[in-house]
Amino acid sequence: MDPRSFPCQLISWDEAYRLSRKLARAVKSSCYNPDLVVAVGRGGYVPARIVCDFLLHSLLTSIKIEHWDIAACKRPQAVVRFPLSVDVRDHKILIVDDVTDTGDTLRAAIDYVKSQGAGQIKTAVMQHKTTSTLVPHFYADLISSVEGEILREILDDLVDLKKAIRYQEMYNKRMRPKGI
């Protein structure tokens with residue numbers, strides 16, 4: 001997919017911070033006090049850390065769930081790539097991600113954390129899209145279109161594309177003269 005044709009709204013780090021702070025306030029005002037915050041990698045790393053800071057909460061871990069390949073190509077289903085490294089049995093968990101696109105990534109996170117024996121599970125995202133089939137317990141911003149992709153994910157995809165182009169150029173320089 002050509003990244004120039006991918007409809008998205010890039011948000012600044014200041015905006016990500018503002019949305020994460022708003023998200024933390026929503027969690028705090030609900031009186032939900034998790035035992036552990038679980039960031040969904042990659043997009044949930046930054047908001048989860050900021051939410052923890054505002055909640056004065058130090059127990060933060062992560063899981064890596066993949067739903068999108070390089071250049072925004074969607075996989076058939078979200079899969080847990082790197083699981084939890086801590087015991088969550090009977091713990092109250094807050095799962096944090098950046099955005100709900102379809103809801104599949106967050107649903108995979110919930111199912112996985114449940115399968116590990118977690119007690120109460122709540123979810124929080126900076127941006128919730130109305131097109132998502134899953135509504136998180138907490139969200140800072142409601143988006144009614146496909147806009148709102150998070151800056152870090154888009155930049156990561158562009159870096160991956162650049163690496164692929166460089167690799168191809170390097171291959172062409174080294175192998176073509178040899179007839180390969």
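The values are calculated or read from the model by the stated rules, or taken from the named source; none is laboratory data. Keep in mind it's a predicted model, so treat the numbers as computed, not measured. We place every Cβ from the backbone using ideal geometry, glycine too, and count neighbours over all the protein chains shown.
For segment 17-71: of the residues being among the hydrophobic types (A, V, I, L, M, F, W, C) and free of Cβ contacts under 8 Å to residues at least 12 places away in the same chain, which is nearest to Pro136 (Cα to Cα)?
From segment 17-71, those among the hydrophobic types (A, V, I, L, M, F, W, C) are 19, 23-24, 26-27, 31, 36-40, 46, 48, 50-52, 54-56, 59-60, 63, 65, 68, 70-71; that's our starting set.
Next cut, free of Cβ contacts under 8 Å to residues at least 12 places away in the same chain only: 31, 56.
Numbers: Cys31: 16, Leu56: 22 Å.
My answer is Cys31.
Does segment 143-151 include one or more residues that are at pLDDT 75 or above and surrounded by 13 or more Cβ atoms within 10 Å (Cβ to Cβ)? Before the answer, list the steps.
Filtering segment 143-151 for residues at pLDDT 75 or above gives 143-144.
Retained after the next criterion (residues that are surrounded by 13 or more Cβ atoms within 10 Å (Cβ to Cβ)): 143.
Yes, segment 143-151 has at least one match.
Name the single residue, out of those in segment 116-134 being of a type in the set (A, V, I, L, M, F, W, C) and over 20 Å from Ala16 (Cα atoms), that is surrounded by the fewest Cβ atoms within 10 Å (Cβ to Cβ). Explain how you work it out, then say what you get.
First, the residues of segment 116-134 that are of a type in the set (A, V, I, L, M, F, W, C): 118, 121, 124-126, 134.
Among the residues that remain, those that are also over 20 Å from Ala16 (Cα atoms) are: 118, 121, 134.
Details: Ala118: 22, Ile121: 19, Leu134: 15.
It comes out as Leu134.
Residues that are basic (Lys, Arg) and either at pLDDT below 95 or surrounded by 16 or more Cβ atoms within 10 Å (Cβ to Cβ) (or both): find the strands (runs of 3 or more DSSP E) completely inside segment 8-115 holding 2 or more of those. Can you show your working first?
Details: elements: 36-41, 60-68, 74-82, 93-100.
Because the criterion is at least 2 residues that are basic (Lys, Arg) and either at pLDDT below 95 or surrounded by 16 or more Cβ atoms within 10 Å (Cβ to Cβ) (or both), the strands (runs of 3 or more DSSP E) in segment 8-115 that meet it are 74-82.
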